[in-house]
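Presented below is the structure to which this report refers.
The values are calculated or read from the model by the stated rules, or taken from the named source; none is laboratory data. Note that the coordinates shown come from a computational prediction; the quantities given were computed from them, not determined experimentally. Cβ placement follows ideal geometry from the backbone for every residue including glycine, while neighbour counts extend to all protein chains displayed. Ligands, DNA and RNA are stripped out before the accessible areas are found, and what is left, the full protein with its side chains, is counted by its heavy atoms. Shrake-Rupley method; radii C 1.70, N 1.55, O 1.52, S 1.80 Å.
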Amino acid sequence: AHAALLRLLLSRPEWTRAELEDAAADLDLMLDGAIEQINEAAFDAFDEPLCEGEDPISVNTELVEKIEA
């Protein structure tokens, strides 16, 4: 479920909180916990978070390029 949410996050540079809450609910995830887990993995791998902000939630596009490489 986290991988599916990650793929969705990577598809756009910015999301409203409501959009991501709906997506997370569809995956049976709690948004804040899922983003925290994704950001922890990003910190472990790249020393920076993937997502920032509350509403809108911004995706670190430089990190997206590293992940997709």
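Roughly what angle does helix 31-46 make with the longest principal axis of the chain, taking Cα atoms, 0 to 90 degrees, to the nearest 10?
Once rounded, one gets 10 degrees.
Report the residue, chosen from Leu50, Leu20, Leu29, that carries the largest GNM mean-square fluctuation when the chain is represented by alpha-carbon nodes joined by springs under 10 Å.
Of the options given, Leu29 has the highest mean-square fluctuation.
At q = 0.13, 0.26 Å⁻¹, what base-10 log of I(q)/I(0) does the Debye formula yield for the chain when every alpha carbon is treated as an equal point scatterer in vacuo?
Each listed q maps to, in turn, -0.30, -1.28.
Cα axis of helix 17-26 to longest principal axis of the chain: angle in degrees, 0 to 90, nearest 10?
Helix 17-26 sits at roughly 80 degrees to that axis.
To the nearest 10 square angstrom, what accessible area does Glu40 show with a 1.4 Å probe?
Approximately 100 Å² of Glu40 is accessible to the 1.4 Å probe.
Once label points are set 7 Å from the Cα along Cα→Cβ at both Val64 and Leu27, what is their separation, rounded to one decimal in nm?
1.5
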